[in-house]
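I have placed the structure first, in the form of structure tokens, so that the comments after it can refer back to it.
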Amino acid sequence: MSEPADDPQSSRPSLALGPSERLRRLYALVAVALGAAVVALLLLTSDAGYARDEGFYFYAAKRYGEWFVLLVRDRGEALRRAAIDAHFVVNHEHPALAKSLFAVSHLADRRLGLFAEPGTAFRFPAMVLAGVMTAITFHWGVRARGAVTGVVAALSLIFMPRVFFHAHLACFDVPITALFVATFYAYDRTLKSSGWLWPALTGLSFGLALSTKHNSWFLPIAFAAHASLLALMAWRSRQSLRTTLRRPLAALLTMATIGPLVLFATWPWLWFDTWARLKEYASFHVNHEYYNMEFLGENYWKPPFPRGYAPLMTVATVPLVTLVAAAFGTAALGRDALRDLRAREPEVAAEHATLVLWALGVAVSYGPWLSSGTPIFGGTKHWMTAYPFLALFAGAGVERAASVIREELELVGAAGVGRVVAPACVVLALASPVFQSLAAHPWGLSAYTPIVGGAPGAASLGLNRTFWGYTTGSLTDTLNRELPPGGRVYPHDTAGASWEMLQRDGRLRKDLRAVGRADDADVALYHHELHMQGQEYQAWVAYGTVQPVVVSGLDGVPVVWAYKRRRP
Amino acid sequence: MKPRLAWAFALVPLVGAVELALALSARGAAPQPAAYDALEPALREVYREGDLVVVAPRWAEPHVRRALGDRYFPLAALARSDEARFERALEISVSGGRAPELAGFRQVAERSVGPFVVRTLENPSPARVVFDFVERLEPGWASVGGTEPETRCAWSERSQPMTGGLGGHPGFPARRFECPDGPYLNVSATVIADQRFMPRRCIWAHPTKRGARTIRFSGVPLGARIAGHSGMYWMIERAGAGAPVELEVRVDGELVGVERHADGEGWKPFAFELGSHAGKATSTVEFLVSASDYKDRHFCFQADTR
């Protein structure tokens, strides 16, 4: 999977389908167009309610935004410790980059009126990063294996139903996935180029990832492992270790220097008591509190967590065709690499560096869940950083499948059909993921693949139906219709700021009030989670009824419902 | 590449086609909410007061409750501790679901209603409940107090219902015994979530700081035993941080049994044989609840005599 045009030292014919310069420019344009199309699609489908964590980030972004305004108006005052601490103490268990982008977008919207709903302004930067993630995945796939790989990889990624859902949110999961794959990509380009541009971009991207979410801590581990494996391959093929390791070490050097600088520069909270605050940040995530998560009918809330959680949930939520294609892609590319390794091909390290990198992208993302002590409360988003690489392997699998089928058809004298094989394979690889993602929206956290029977099958199996309380957004019509002026609602798991954003958007009547207990409300909402059922029972007793006024959900499976107080 | 192996790659597009077909069909696999409205007229024909209505799979139950209403789902049945007391059950089967808890019942009728199957089932050996203490927690039958200091709790028909919100106490209904220790230490019929988060109808009887909470029932007809369950809201109990709670049961002043509930035991059954008291037409039954440390003891018990 090398790129001959970038690799002047390569003397043997490449296994890759390296595009010409003209095609490369075209692919770069297609990548940008694809990214833009993804952002447009996300904007058009931005009707999901607001997740619990989004509420916290809205508040943090508003505080950070106030500091940005202060910075413009009175730089001296803004740079005083008191001002920085007062603004950035909010949600300081997470770095500031994503929230700062949400803040800038929010400020721009306030000034320019860019978006129909204020909530979309906060969400927009994450949507843009979803577009960036898709574009990079496409571009990497094209460069490594050709157009089929690029198209299938990019669209398989964004149309994983859970990824598609998370791509709408003002959260960190898709932003870190975008920056994770961007750093991998920059590192890969470093290996295949000379000069300091790509190493510098690797360091910069790593810094931005560090400033987004702690998944970034695994990037140096992945690249150190990659350099070690390349060294082993070079040793096996009797190549110079020094030559092999020169570029990986250049990338690791910039990551060690530029990365922390970017983190420091983009997170003002670290500008004072730096070491103590870094320790506090690391400690928060290393010793993270455990929350509840249902898996196969059991509620897990403390270790040991089931080691089968990550693999089974991947199978249950990533379209099967993507997984099968990824398995074929991995097997085919792995087989090529082993063949070259056994033959001690001189360029084996350079030739298969990208394959090893993709494999490490998957490995380091899933690795923490080999331990039964790693929390599972966030569901599949925990290992979402693996998905670009899974998608790239899927793209390679479809590309190889199309190629092999075409050859076989030629062998049996059906060469005429060969022309439609690749397009047919692409369509068949993407149709199911696209359908599943769009059909599940906006119930993304309730989406399960047909292999477990979809949402109904997952409910019967006892897989988590929803979390984060975002499905209040699906009951706004009922609430607007059913409640009297000044009506009070117990929104259950929906955070206060998420509720308020629905009102600011105009989706929810502004006279309605969210209250903290069902007994204080006219209507009590219930977002179904196994461990939350006591909330529903509270409403039964307080309201004297077990009859919901509305039940809403995905494919006939109840996800959120509401009880209305009986008037005496 | 050998041809046979090469053709294995055809699995990739094939899986895509099959998965798309499955995804399309899965969308309609379960009935949509409006379909449940057809159930009420059908249930009205077969339902008898005291029947247990069960929905299988259980996840479809909210749809059925919305469509049928409270008449078919009294809390005593919906938040039951066992099925043995029910003579008949109506099983509403959605997408072929069966209720495992009704496995011992005998099917006597079956009817299709749109996408649903309604089965009438009979219990071959129903337990005869002589007196249900949870359902009789009201003046006329019950009086409530404390021992240290000696207090009496007043019955209220129209208290403000109370709920604990996220992580808080269970719901307290408007009809309850209000005790001088404060509203939180009331005695009322509530519903808690057990260790499997199943609803359990029970008497909320939080221990008092000192002495015991007493719940006295008068004029009680007795069966052969007093049986029931004890537990706490699971989110409290699972932490394993609280003192054990003791439930003493006395009949006409005589101690017939003590149930000791430790954190982590979940919804735990108990049964006390009544010996010479068995079969009495009228008696006084007292429940005394105490703990060495009353902090966060969300104790709740269900009891009947059968």
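Comparison of A:71, A:17, A:29, A:23 shows that the only residue that is modelled with pLDDT of 95 or more, aliphatic (A, V, I, L, M) and closer than 27 Å to residue A:131 by Cα is A:29. Considering only residues that are within 13 Å of chain B (Cβ to nearest Cβ) and surrounded by fewer than 24 Cβ atoms within 10 Å (Cβ to Cβ), look in segment A:504-518 and name the one that is farthest from residue B:195 (Cα to Cα). Among residues in segment A:504-518 that are within 13 Å of chain B (Cβ to nearest Cβ) and surrounded by fewer than 24 Cβ atoms within 10 Å (Cβ to Cβ), the one farthest from residue B:195 (Cα to Cα) is A:514. Evaluating residue A:64 against the criteria (1) in a helix (DSSP H, G or I); (2) of a type in the set (Ser, Thr, Tyr); (3) under 23 Å from the mean Cα position of the chain (by Cα) leaves one unmet condition, (3).
Within segment A:414-456, restricting attention to residues that are in a loop (DSSP other than H, G, I, E, B) and more than 8 Å from chain B (Cβ to nearest Cβ), the residue that is surrounded by the most Cβ atoms within 10 Å (Cβ to Cβ) is A:448.
Taken over segment B:25-53, residues that are modelled with pLDDT under 95, more than 7 Å from chain A (Cβ to nearest Cβ) and in a helix (DSSP H, G or I) amount to 1. The selection criterion, being surrounded by fewer than 20 Cβ atoms within 10 Å (Cβ to Cβ), out of contact with any strand residue (DSSP E or B) (no Cβ under 9 Å at 6 or more places or on another chain), under 30 Å from residue A:66 (Cβ atoms) and polar (S, T, N, Q), does not hold for residue A:240. Evaluate the following for residue A:252: is it free of Cβ contacts under 8 Å to residues at least 40 places away in the same chain, surrounded by 16 or more Cβ atoms within 10 Å (Cβ to Cβ) and over 23 Å from residue B:196 (Cα atoms)? Yes. The residue that is nearest to residue B:78 (Cα to Cα), among those in segment A:500-530 that are in contact with a helix residue (DSSP H, G or I) (Cβ under 7 Å, 6 or more places away or on another chain) and touching a residue at least 60 places away in the same chain (Cβ under 8 Å), is A:527.
The single condition among (1) within 23 Å of residue A:384 (Cα to Cα); (2) part of a helix (DSSP H, G or I); (3) not small (Gly, Ala, Ser) that residue A:198 does not meet is (1). If only residues of segment A:284-301 that are loosely packed, with under 12 Cβ neighbours inside 10 Å and part of a loop (DSSP other than H, G, I, E, B) are counted, the one that is modelled with the lowest pLDDT is A:289. There is at least one residue in segment A:332-349 that is over 30 Å from residue A:242 (Cβ atoms) and either away from chain B (no Cβ under 14 Å) or surrounded by 14 or more Cβ atoms within 10 Å (Cβ to Cβ) (or both).
For (1) on the phi < 0 side of the Ramachandran plot; (2) more than 22 Å from the chain's Cα centre (by Cα); (3) basic (Lys, Arg), each residue gets a yes or a no:
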{"site": "A:199", "(1), (2), (3)": "yes, yes, no"}
{"site": "A:203", "(1), (2), (3)": "yes, no, no"}
{"site": "A:209", "(1), (2), (3)": "yes, no, no"}
{"site": "A:235", "(1), (2), (3)": "yes, yes, no"}
{"site": "A:238", "(1), (2), (3)": "no, yes, yes"}
{"site": "A:276", "(1), (2), (3)": "yes, yes, no"}
{"site": "A:284", "(1), (2), (3)": "yes, no, no"}
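Quick one: is residue A:217 surrounded by fewer than 20 Cβ atoms within 10 Å (Cβ to Cβ) and under 18 Å from residue A:182 (Cβ atoms)? Yes; evaluated as a whole, the condition is true for this residue. Identify all residues within segment A:540-552 that are more than 7 Å from chain B (Cβ to nearest Cβ), under 19 Å from residue A:520 (Cβ atoms) and not in a loop (DSSP other than H, G, I, E, B); write none if there are none. Selection gives A:543 alone. Counted as qualifying within segment A:85-193 are the helices (runs of 4 or more DSSP H) with 3 or more residues that are more than 27 Å from residue A:256 (Cα to Cα), namely A:97-112, A:118-145, A:147-158, A:161-166. In summary, strands (runs of 3 or more DSSP E) completely within segment B:67-184 and bearing 3 or more residues that are crowded, with 18+ Cβ neighbours inside 10 Å and more than 18 Å from the chain's Cα centre (by Cα) occur at B:88-94, B:116-122, B:142-147, B:176-178. Of the candidates B:203, B:236, B:226, B:192, the single residue that is buried (at least 17 other Cβ atoms within 10 Å of the Cβ) and out of contact with any strand residue (DSSP E or B) (no Cβ under 8 Å at 6 or more places or on another chain) is B:236.
Taking segment A:266-283 only, how many residues are closer than 22 Å to residue A:179 by Cα and surrounded by 14 or more Cβ atoms within 10 Å (Cβ to Cβ)? The qualifying residues number 7.
Quickly run through segment B:222-271 and pick out the residues that are more than 20 Å from residue B:168 (Cα to Cα) and under 16 Å from the mean Cα position of the chain (by Cα). Selection gives B:227, B:228, B:229, B:268, B:269, B:270. Applying the criterion of being under 30 Å from the mean Cα position of the chain (by Cα) and assigned to a loop (DSSP other than H, G, I, E, B) to the residues of segment A:499-539, the residue that is nearest to residue A:479 (Cα to Cα) is A:508. Flag: residue B:58 matches the condition of being of a type in the set (Lys, Arg) and more than 7 Å from every other protein chain (Cβ to nearest Cβ). Scan segment B:142-188 for residues that are in contact (Cβ under 8 Å) with a residue 60 or more places away in the chain and within 14 Å of chain A (Cβ to nearest Cβ) and the total you get is 3. When segment A:459-498 is filtered for residues that are touching a residue at least 40 places away in the same chain (Cβ under 8 Å), within 14 Å of chain B (Cβ to nearest Cβ), surrounded by fewer than 24 Cβ atoms within 10 Å (Cβ to Cβ) and not in a loop (DSSP other than H, G, I, E, B), the ones remaining, listed by number, are A:461, A:474, A:478, A:482, A:496.
Among the residues making up segment A:485-502, those that are over 8 Å from residue A:514 (Cβ atoms) and of a type in the set (Gly, Ala, Ser) are A:486, A:487, A:495, A:497, A:498.
The values are calculated or read from the model by the stated rules, or taken from the named source; none is laboratory data. Keep in mind that what you see is a predicted model, and the values were worked out from it rather than measured. Neighbour counts are summed over all protein chains in view; Cβ atoms, including those assigned to glycine, are modelled from backbone coordinates with ideal geometry.
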